[in-house]
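K.L.:
This is the structure I have questions about; it appears just below.
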């Protein structure tokens, strides 16, 4: 299913988790989640081990959940604490609990091997903690498609001119080359379009009238967090690539969570270096992004549907695919590493080649 | 599919079958049924042997059904009596007819080997024929789940406290032990709750105010008829277990008919020893039971859905499962016996073991 | 899937194809179609070879289509003429174009081997070009069933009495024998019903009051074009079989296009030798036929649904099935011939039989 299990995935924003029971689906598993009286968030397997009823159909009693069928009860770390009709509560009746981290108003869950869950590895960036930046938690975009298509689209600047011609892109960028760099865990694709009309987003939000220099940096943190750094500055400012903070700069963050092979949620938020503290600006950006995301959604769902058909021929790859190609290869490698065990290295020289 | 074919199943109440053609689905087969001019009910395979059109899309002509496509016509026992365009009506064109018994206002159909259909084995009980009891044919509860889950729930007193806390049960019964007895064809689970507040049903219907002794007897006649004997009596009456007729006693009958592996109909009715002849009491009981049945339906459909998923681990069994466990084993044995042929016993000593 | 690929299939009427992009599904493939500036109709594979997005979600630019995802652009014969972000347009990026013929207001597409597409073989009949006949393009009947069932029904006069008792048939024809003749590419089934009441259609359209002689000729041109020649004439006219033009005569044409194994479109139109030039007569005939087609649709969709079930026994064949039986055998032979390659004839005597 191409899921990388050993990774932190976003379940929602902090404000989405209150004391009531909520359900979250990710990586083809069902979770029941609630905020315990201590304030910590609990994420348990949403499945009573007895007759399989989702525990989310039961009720919360203190910091436990009681199954709605026969009353088996589990505490916030999944331990079975009551089996009505009998005195013992065997450990075999415990259910799985998943590590949770809450940070920067974002709730992350670890679906893989719990021994590998390290809260230090949860995504972070300095701008979350700087007064120069305004952070706004956006929405949760539901897409009926495989997550690889969603993420691939976020390391693909080339689609912007065609999918978002009136919002995030316009015709001036159609043939501007894309740079790609790849490091251990981040794939970056970017391009600058110099001395061109501002795109719809920045006309609306940045209030530009003349020609601008604009940039798109797509930073993809494996497996599925995208940091899109985009902005504009008046062309006469002669902005250097590394001086992007001088312009109107926005980070759009996408935390992409696979629900199953046919469904994905993109939890998106943004940070900006202008109009700080203005709620109306946040709302305006939300609206502009939502328009663009609906354009992506229509494309991505149609592609997913097309991929389900029998293919008459192999698809083709073109020059602009470098970012997506590297991304897909990295994911295949991660999935492969998770699903095999390496038991030893060859005694050199294990293989001898003759010329 | 875990269906026991050699058994009588309820297709509906007598009043549901008139001269018009009706369709019934059971055990993954489609039947077309109608009441012939003699008054007897006919049940035929709902499939023209020619182009497979359901005969229920044709029309009744006298005591025959004419196919709506090319006019092939079948009498009430399935014999082909006309093939338009040709003179002969070969026996190979006959369709299958299913034995039907109508008794106590209930219509039963036999889906298995017709040679084994014995009208004497149709379910009956003395209270159907006694003036001390008021009989009322209730409704047909449709459930999107496997029938074994529906029937299992009817030999499981332990769920009542949690699924029906305001109607049929309350917290006083949560840990009261359940007795189980098993005989050849009946599995019985029961418990008494002594000296406790009346449950919603009997407060409403029996008009109890003080503490009561109450009982639940779940009698399951294999494969899928449940007779639930429940009632209440004021605690000061010191009622013995065998004197239940002294209290307000109700029999809720469930005739559970599998439609297919994912759909089941529970035909339910009730008898009572009080408020005889009062239609308003029947309606009140209908309403109280329907509320409780909707609670069961929500649970059972969610369990069925959960069972369709790949399971990460084996489910657990607990002390209260004795009735359901015995029930499922009996069904497995019945299905196994139907699907294998026994050809001989070993000549003793066929097997010699050495220590 | 029992599709004959090497054949012309109707995609719609001429009036359905304008300059805007439209989509057509046939033989389990998706086409994008548009009328080029030259007036010719173009039919391309509706699939960008890059990320598989349907090209119909892109936009027409001149006589090219630009993909809505990354802007790859294809001309009206499927040649890739632009790949944004790179200079070359490799032939491997070309998409498939399908031969199209437009004739008599009907648009035909060839889905098989393009080398075998011969515009001379497109269906035609002299009445299309005669002033004695009024031609009217009707509608497009969508049916949720396999096309073989639709076409079979069009070479099956026997169903008319039972499926269309108030429109195209009535009880007088129930047992009148059907003649069948088969030539290389046409299967014909027909019958005359002499000296009987007019059927609903001709009462309404032909204004007959007394008894009539009426005929049904079902001419099926393989694989899926049906020409139904039906009409009536007053019995006292003593009409010979070959003099049908003396009566009120109608040709109902059905161009049946398989969409996939579970969906079919019947493009139907009609010609008549009376009420020429009267639009109100065309509309009346449309209405009468649509009523009858809805009767067929109900039957055919129910049959298709029934065919998806596991069958308890083999279906039976009866005397009236001659036309359908020959038709199905011919289709099996055509499909077999398309899917195998004949590499040589035996050196005589390759096989020697002994008596």
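Read-outs: derived from the displayed coordinates by stated rules, not from any lab. Just so it is clear, the structure is predicted and the values come from calculations on it, not from any experiment. Cβ placement follows ideal geometry from the backbone for every residue including glycine, while neighbour counts extend to all protein chains displayed.
K.L.:
Can you tell which of B:183, B:28, B:224 shows the greatest fluctuation in a Gaussian network model of chain B with Cα springs below 10 Å?
P.N.:
Per the Cα network of chain B with a 10 Å cutoff, B:183 tops the list.
K.L.:
Ok, one more. Evaluate Rg over Rh across region A:217-355, taking Cα atoms for both radii and Kirkwood's formula for Rh.
P.N.:
Details: Rg = 21.5 Å, Rh = 19.5 Å.
Over the Cα atoms of region A:217-355, Rg/Rh equals 1.10.
K.L.:
Please order A:83, A:77, C:122, B:248 by the number of other Cβ within 10 Å, starting at the fewest. Write down the numbers at each step before the final one.
P.N.:
On the way: A:83 21, A:77 13, C:122 16, B:248 24.
Fewest to most other Cβ atoms nearby, the residues stand as A:77, C:122, A:83, B:248.
K.L.:
Using only Cα atoms, locate the centre of region B:316-335 and the centre of region C:34-49, then give the distance between them in Å, rounded to an integer.
P.N.:
Comparing the Cα centres of region B:316-335 and region C:34-49, I get a distance of 64 Å.
K.L.:
Taking the Cα atoms only, what angle lies between the long axis of helix C:279-307 and the longest principal axis of chain C, rounded to 10 degrees?
P.N.:
Helix C:279-307 and the main axis of chain C meet at about 80 degrees.
K.L.:
Given a cut-off of under 8 Å on Cα pairs at least six residues apart, what relative contact order in percent is computed for chain C? Spell out each step's value before the answer.
P.N.:
Working: 666 pairs, mean separation 60.4, N = 355.
Reported as a whole number, the value is 17 percent.
K.L.:
Right, here's the next one. Could you tell me the ratio Rg/Rh of region C:130-334? Both radii from Cα atoms, Rh via Kirkwood.
P.N.:
Working: Rg = 16.9 Å, Rh = 17.6 Å.
With Rh from the inverse mean 1/r over Cα pairs, Rg/Rh is 0.96.
K.L.:
Can you give the direction-averaged projected area of the convex hull of the alpha-carbon atoms in region B:8-119, in nm²?
P.N.:
Answer in nm², one decimal: 6.9.
K.L.:
Determine the relative contact order of region B:200-355: mean sequence separation of Cα pairs under 8 Å and six or more apart, normalised by residue count, in whole percent. Please report the intermediate quantities before stating the final value.
P.N.:
Working: 133 pairs, mean separation 21.3, N = 156.
Value for region B:200-355: 14 percent.
K.L.:
What ranking of B:111, C:57, B:125 emerges when the number of other C-beta atoms within 10 Å of each C-beta is taken as an exposure proxy, fewest first? Present the calculation step by step, with values, prior to reporting the outcome.
P.N.:
Details: B:111 24, C:57 19, B:125 15.
In order of increasing Cβ crowding within 10 Å: B:125, C:57, B:111.
K.L.:
How tilted is helix C:322-339 with respect to the longest principal axis of chain C? Cα atoms for both, answer in degrees (0 to 90, nearest 10).
P.N.:
Taking the Cα atoms of chain C, the angle to C:322-339 is about 20 degrees.
K.L.:
Using a label point 7 angstrom from Cα along Cα-to-C-beta, what distances in nm, from shortest up, separate residue A:62 from the other copies?
P.N.:
List, nearest first: 7.7, 7.7 nm.
K.L.:
Something else about it: Starting from a Cα-only point model with no solvent, please compute log10 I(q)/I(0) by Debye for the protein assembly as shown at q = 0.07 1/Å.
P.N.:
-0.97
K.L.:
A further question follows. Inter-copy label distances at residue C:301, 7 Å along the Cα→beta-carbon direction, one decimal in nm, shortest first?
P.N.:
Label-point distances to the other copies, shortest first: 2.4, 2.4 nm.
K.L.:
Another question, then. In deg cm²/dmol, rounded to 500, what helix-only [θ] at 222 nm does the protein assembly as shown give when every DSSP H run of at least 4 residues adds -39500 (n - 2.57) and the total is split over its residues? If you can, show how the numbers build up before the last one.
P.N.:
Numbers: 15 runs with 192 residues, N = 1065.
When only DSSP H runs of four or more count, the value is -5500 deg cm²/dmol.
K.L.:
Another one. Arrange A:297, C:314, B:76 by Cβ neighbour counts within 10 Å, fewest through most, would you? Intermediate values should be presented prior to the final figure.
P.N.:
Values: A:297 17, C:314 8, B:76 21.
Least crowded to most crowded, the residues run C:314, A:297, B:76.
K.L.:
For region A:8-119, what relative contact order do you get, as a whole percent, if you take Cα pairs closer than 8 Å and at least 6 residues apart?
P.N.:
On the way: 224 pairs, mean separation 28.2, N = 112.
Relative CO of region A:8-119 lands at 25 percent.
K.L.:
Ok, one more. Taking springs between alpha-carbon atoms closer than 10 angstrom, which of B:31, B:52, B:220 fluctuates most in the Gaussian network model of chain B?
P.N.:
B:52
K.L.:
Also, quick follow-up: Over the Cα atoms of region A:271-322, Rg to Rh with Kirkwood Rh, two decimal places? Could you put the intermediate results ahead of the total?
P.N.:
Details: Rg = 18.1 Å, Rh = 14.5 Å.
Here Rg/Rh amounts to 1.25.
K.L.:
Related question: Pick from A:81, A:227, A:109: which residue has the top mean-square fluctuation in a GNM of chain A where Cα pairs under 10 Å get a spring?
P.N.:
Highest fluctuation among the options: A:81.
K.L.:
Could you state, as a whole-number percent, how many of the C-alpha pairs of chain C are farther apart than 32 Å?
P.N.:
Details: 25767 of 62835 pairs.
When all Cα pairs of chain C are counted, 41 percent exceed 32 Å.
K.L.:
Assume the label is 7 Å from Cα along Cα to beta carbon: what separations in nm does residue A:177 have to the matching positions in the other copies?
P.N.:
Output for residue A:177: 8.4, 8.4 nm, nearest copy listed first.
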